[in-house]
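Before any comments, here is the structure.
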Amino acid sequence: MSGQTIALVTGANKGIGYEIAAGLGALGWSVGVGARDASRREAAVEKLRAGGADAFGVPLDVTDDASVSAAARLLEERGLDVLVNNAGITGGMPQQPTEVTPETVRAAVETNVIGVIRVTNALLPLLRRSASPRIVNMSSRVGSLTLQSGGGDTGPISAAYAPSKTFLNAVTVQYAKELRDTNILINAGCPGFTATDLNGFRGVRTPEQGAAIAVRLATEVETSGGFYDDGGVVPW
């Protein structure tokens, strides 16, 4: 293992994930671009390298046990200091509770929650070897039950995507409780309403702006088990 900080960002071939990788790379970190699609992954790596980042590709499908195990083996020699669980999907439409299908809910949870657990647990042995390990779970304000029940602007009715982020927030808290006697910090971050293909590019923030909270949680926040956006703490 080198003295250089090493990070893995899942779903890093485009959008917020790519900008998270770019932001961490700009700090001089070595950044793994985790992505399923080989051509998009390598294109992202080449673009990051052209911008001066020390980037490398990590074939990774967060919904596949064998793929995640292979990624862990690939990172074994490099080591790992920071994991950013960014890969996510909406699950498909419609998502009104009276119309949503079990398959839609299952798809959202499989990637947005189970995928995070699968990747995190596979890479924890590497993170435990780091002097300053951190895990960042990219969540969303739509997962806040406080905001959802308070009549705030939390987007359209969603019986799959929004609850999957609530589930992810709850899982983040449980990891923080289990890991509280270690040096591993884990937090959830909300990028805000960012223009990506996830929302048909309807967002009002740029991917670079959306990535800022992940970079901050990966580098600055010294507490664990929290939920943050650029404005500070987000209510559960």
Would you please list the contacts, defined by Cβ atoms under 6 Å and residues six or more apart or on different chains, that run from a residue in region 57-84 that is in contact (Cβ under 8 Å) with a residue 60 or more places away in the chain and more than 17 Å from residue 11 (Cβ to Cβ) to a residue that is hydroxyl-bearing (Ser, Thr, Tyr) and surrounded by 17 or more Cβ atoms within 10 Å (Cβ to Cβ)?
81/5; 81/130
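Where in region 1-85 are there helices (runs of 4 or more DSSP H), lying fully within it, with 2 or more residues that are closer than 18 Å to residue 219 by Cα and touching a helix residue (DSSP H, G or I) at 6+ places or on another chain (Cβ under 9 Å)? It would help to see each step written out before you state the result.
Details: elements: 15-25, 38-50, 65-76.
Filter on region 1-85 gives 15-25.
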Identity of the residue in region 87-111, polar (S, T, N, Q), touching a residue at least 24 places away in the same chain (Cβ under 8 Å) and in a loop (DSSP other than H, G, I, E, B), that ends up nearest to residue 35 (Cα to Cα):
90
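Against the definition (surrounded by fewer than 22 Cβ atoms within 10 Å (Cβ to Cβ), within 13 Å of the chain's Cα centre (by Cα), in a loop (DSSP other than H, G, I, E, B) and not acidic (Asp, Glu)), how does residue 114 come out, yes or no? Walk me through it before giving the result.
On the way: surrounded by fewer than 22 Cβ atoms within 10 Å (Cβ to Cβ): yes; within 13 Å of the chain's Cα centre (by Cα): yes; in a loop (DSSP other than H, G, I, E, B): no; not acidic (Asp, Glu): yes.
So residue 114 does not fit the description; no.
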Residue among 137, 121 that alone is in a helix (DSSP H, G or I) and within 24 Å of residue 211 (Cα to Cα):
121
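Condition test on residue 159, is it more than 29 Å from residue 76 (Cα to Cα), outside any helix (DSSP H, G or I) and small (Gly, Ala, Ser)?
On the way: more than 29 Å from residue 76 (Cα to Cα): yes; outside any helix (DSSP H, G or I): yes; small (Gly, Ala, Ser): yes.
Yes: the conditions hold for residue 159.
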Residue count, region 1-24 (criterion: of a type outside the set (Ser, Thr, Tyr), under 16 Å from the mean Cα position of the chain (by Cα) and within 20 Å of residue 126 (Cβ to Cβ))
10
Breaking point among (1) under 20 Å from residue 17 (Cβ atoms); (2) surrounded by fewer than 21 Cβ atoms within 10 Å (Cβ to Cβ), for residue 82:
(2)
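Going by what's in this entry, would residue 191 be described as in contact with an Asp or Glu (Cβ under 9 Å, 6 or more places away or on another chain), at pLDDT 90 or above and not in a helix (DSSP H, G or I)? Before you say what the answer is, go through the steps one by one.
Numbers: in contact with an Asp or Glu (Cβ under 9 Å, 6 or more places away or on another chain): yes; at pLDDT 90 or above: yes; not in a helix (DSSP H, G or I): yes.
So residue 191 fits the description; yes.
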Output the residue which, of all residues in region 58-100 that are small (Gly, Ala, Ser) and within 13 Å of the chain's Cα centre (by Cα), is farthest from residue 112 (Cα to Cα).
87
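The values are calculated or read from the model by the stated rules, or taken from the named source; none is laboratory data. As the structure is a prediction and not an experimental result, all values here were calculated from the model. As a convention, Cβ positions derive from the backbone with ideal geometry for all residues, glycine included, and neighbour counts pool all protein chains shown.
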